[in-house]
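Colleague: After the structure tokens below, expect a handful of questions from me.
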Amino acid sequence: MEKQRITVGYVELTLEESDRLFEEVKKDHDIETYSELQGLMDDFDSVIIEPEARPLADILDGDEAPTETEQGGTRYIEVFNKLEEDSRYRFKSSYQE
């Protein structure tokens, strides 16, 4: 089976992200190839969920909390059916910067 980059809505997934999506979707749908996955994804859309930056003082208790903003967090991609209520797939994005 040849792997390929999957496009969901306006987002083109990396090969790693496409692998994650393939593994999740094949649990719910009868697909065996990445071409079948791409055909299924024509009815889906995606959104990138950005990490929320908050001041560390909001996270930590006490007077010792620094005034800087929390760095990091995890960026996710959520894939959902835009035509009907169906399964949602959420996985970690390869791009975290």
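The values are calculated or read from the model by the stated rules, or taken from the named source; none is laboratory data. Just so it is clear, the structure is predicted and the values come from calculations on it, not from any experiment. Virtual Cβ from ideal backbone geometry, glycine too; neighbours counted across all protein chains shown. Note: accessible area is taken over every heavy atom of the protein model, side chains too, but ligands, DNA and RNA are not part of it. Shrake-Rupley method; radii C 1.70, N 1.55, O 1.52, S 1.80 Å.
Colleague: Across segment 1-10, what is the number of residues that are open to solvent by 50 Å² or more (accessible area, probe 1.4 Å), closer than 18 Å to Arg88 by Cα and either part of a helix (DSSP H, G or I) or not β-branched (Val, Ile, Thr) (or both)? Before the answer, list the steps.
Modeller: The initial filter retains those residues of segment 1-10 that are open to solvent by 50 Å² or more (accessible area, probe 1.4 Å), namely 1-5, 7, 10.
Then keep just the ones that are closer than 18 Å to Arg88 by Cα; that gives 7, 10.
Of the ones still in play, those that are also either part of a helix (DSSP H, G or I) or not β-branched (Val, Ile, Thr) (or both) are 10.
Looking only at that region, the number is 1.
Table: residues versus (1) under 18 Å from Leu15 (Cα atoms); (2) among the small types (Gly, Ala, Ser); (3) open to solvent by 100 Å² or more (accessible area, probe 1.4 Å); (4) modelled with pLDDT of 90 or more.
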position: Ile48; (1), (2), (3), (4): yes, no, no, yes
position: Ala53; (1), (2), (3), (4): no, yes, no, no
position: Asp61; (1), (2), (3), (4): no, no, yes, no
position: Glu64; (1), (2), (3), (4): no, no, yes, no
position: Arg88; (1), (2), (3), (4): no, no, yes, yes
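Colleague: Here's something else I'd like to know. I'm trying to understand the selection: among the residues of segment 11-46, which are more than 13 Å from Phe91 (Cβ to Cβ), touching a Phe, Trp or Tyr at 6+ places or on another chain (Cβ under 8 Å) and open to solvent by 40 Å² or more (accessible area, probe 1.4 Å)?
Modeller: Of everything in segment 11-46, just one residue is more than 13 Å from Phe91 (Cβ to Cβ), touching a Phe, Trp or Tyr at 6+ places or on another chain (Cβ under 8 Å) and open to solvent by 40 Å² or more (accessible area, probe 1.4 Å), namely Asp45.
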